[in-house]
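Data first, discussion second: the structure below is written as structure tokens.
The values are calculated or read from the model by the stated rules, or taken from the named source; none is laboratory data. The model shown is predicted, which means the values in this text are computed figures rather than measured ones. For neighbour counting, all protein chains shown are included, and Cβ atoms are generated from backbone atoms with ideal geometry for every residue, glycine included.
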Amino acid sequence: MRDRFGREVDYLRLSVTEGCNMRCIYCRPQAASAAFTHDVPSCRENCRIASAREPSCGNPSAERCIEIVEAAAQLGIRKVRITGGEPCVRTDLPEIARGIAAVPGIEEVCLTTNGTLIAPMAAALKAAGLARVNVSIDSLDQDRYREITRGGSLAAALEGLDALAAAGFEGTKVNCVLMPGINDDEVEGFGAFAAERGIGVRFIELMPIGPARELNPYQQPLPLSSLSPIAGKPAKGNRPQLQVIAPISAPFCSQCNRIRVTADEQAKPCLHSREELSLRGLSGDELVDALRAAILAKPAGHNLASGASESARDMSRIGG
Ligand code: SAM
């Protein structure tokens, strides 16, 4: 359906958990979770990450995720991206993907992940009908990667990329959030990496949301001029595609076609607005109506150029 500004909204980003096995410096507060390891006892049967400090993940069940997508599909949602938190902390992720892919009207189901837990389920996700995967990797230097993720393993993320290729996934892209003074010297390295692996890399401008808001140097918008040699360069033949996503320097709100639903069942009309519409306890027409209201509540655009995000949540609690 169209929103108040005539934009066709056909894309849902659905967060299936707030839990994550990483605590990236710009994404999650340091104290978000004591557990880096994912083999702690599960708080719900479908979730491998939980700890004493994060006692209940409160994840929506697979059935609930599918019910929300069914309602969204009635409004013209055609594409769903599963996100989190880290979606792969859920062992029932293939079941969720299969159920969503089977919803009438849904044409494409994609996933955003850090890739470190995906290897054992890559084949099952492919069989479930997942179309494509974006893997977030902010550095190709393992020490730097560990620092940015506060303990993550670059080797595990690369193993995830290998597993996706082995499972037959095509069109895999790496998301790299470029941070001035942190990893912005890696553009060339990522270019070579993309060429070597035959995958795409998307350089993303750091947005002032969540912990990124507090980190002074990160509030500098990415100097797009430094990326001009690659910005917007289309893929040629089988050359890898390098893209720049710059929500602050080059906002694309006028073409925004998405809404978000968080893992605690709040529909978010805009990533950067405070507004949330609760879907909790709603089903049938009421659920459809609430999602319609979320689409109609989409603002014309965000105000990032004039300040930080108005969202009360960090990205891991929204679903990036
Ligand atoms: N755990 C998954 C992952 O790592 O891709 C999915 C969730 S994560 C919140 C989704 C994406 O949001 C990642 O690519 C992450 O780098 C990005 N992200 C988080 N905080 C951001 C920020 N302040 N600015 C730009 N991108 C951000």
Exercise. Among the candidates R2, R64, R7, which residue alone is at pLDDT 90 or above, under 21 Å from E265 (Cα atoms) and surrounded by fewer than 21 Cβ atoms within 10 Å (Cβ to Cβ)?
Worked result: R64
Seminar exercise, completed: From the option list A305, A300, single residue qualifying as away from the ligand (no atom under 16 Å from the Cβ) and at pLDDT below 95 is A300
Problem set entry | Odd one out for S42 among (1) at pLDDT below 90; (2) hydroxyl-bearing (S, T, Y); (3) in contact with a strand residue (DSSP E or B) (Cβ under 9 Å, 6 or more places away or on another chain) | (3)
For this session: State whether one or more residues within segment 236-254 are surrounded by 15 or more Cβ atoms within 10 Å (Cβ to Cβ), modelled with pLDDT under 75 and more than 10 Å from the ligand (Cβ to nearest atom).
Result: yes
Seminar exercise, completed: Of (1) touching a Leu at 6+ places or on another chain (Cβ under 7 Å); (2) without any contact (Cβ under 8 Å) to a residue 12 or more places away in the chain; (3) not polar (S, T, N, Q), P94 satisfies every one except (2)
Exercise. What number of residues within segment 263-316 are surrounded by 14 or more Cβ atoms within 10 Å (Cβ to Cβ), touching a strand residue (DSSP E or B) at 6+ places or on another chain (Cβ under 7 Å) and not in a loop (DSSP other than H, G, I, E, B)?
Worked result: 8
For this session: Starting from residues that are charged (D, E, K, R) and touching a residue at least 40 places away in the same chain (Cβ under 8 Å), keep the ones in segment 100-143 and report whichever is farthest from the ligand (Cβ to nearest atom).
Result: K126
Exercise. Yes or no: F203 within 15 Å of the ligand (Cβ to nearest atom), buried (at least 18 other Cβ atoms within 10 Å of the Cβ) and over 30 Å from G99 (Cα atoms)?
Worked result: yes
Exercise. Is it true that G320 is assigned to a loop (DSSP other than H, G, I, E, B) and under 18 Å from N257 (Cα atoms)?
Worked result: yes
Exercise. Are there any pairs with C-beta distances below 7 angstrom linking a residue in segment 159-184 that is hydroxyl-bearing (S, T, Y) to a residue that is away from the ligand (no atom under 16 Å from the Cβ), with the two at least 6 apart or on different chains, and if so which?
Worked result: none
Exercise. Looking at segment 134-141, is at least one residue touching a Phe, Trp or Tyr at 6+ places or on another chain (Cβ under 7 Å), at pLDDT below 95 and of a type outside the set (K, R)?
Worked result: no
Exercise. Taking only pairs six or more apart or across chains, which ones have beta-carbon atoms under 6 Å, a first residue in segment 68-84 that is among the acidic types (D, E), and a second residue that is surrounded by fewer than 24 Cβ atoms within 10 Å (Cβ to Cβ)?
Worked result: E70/V103
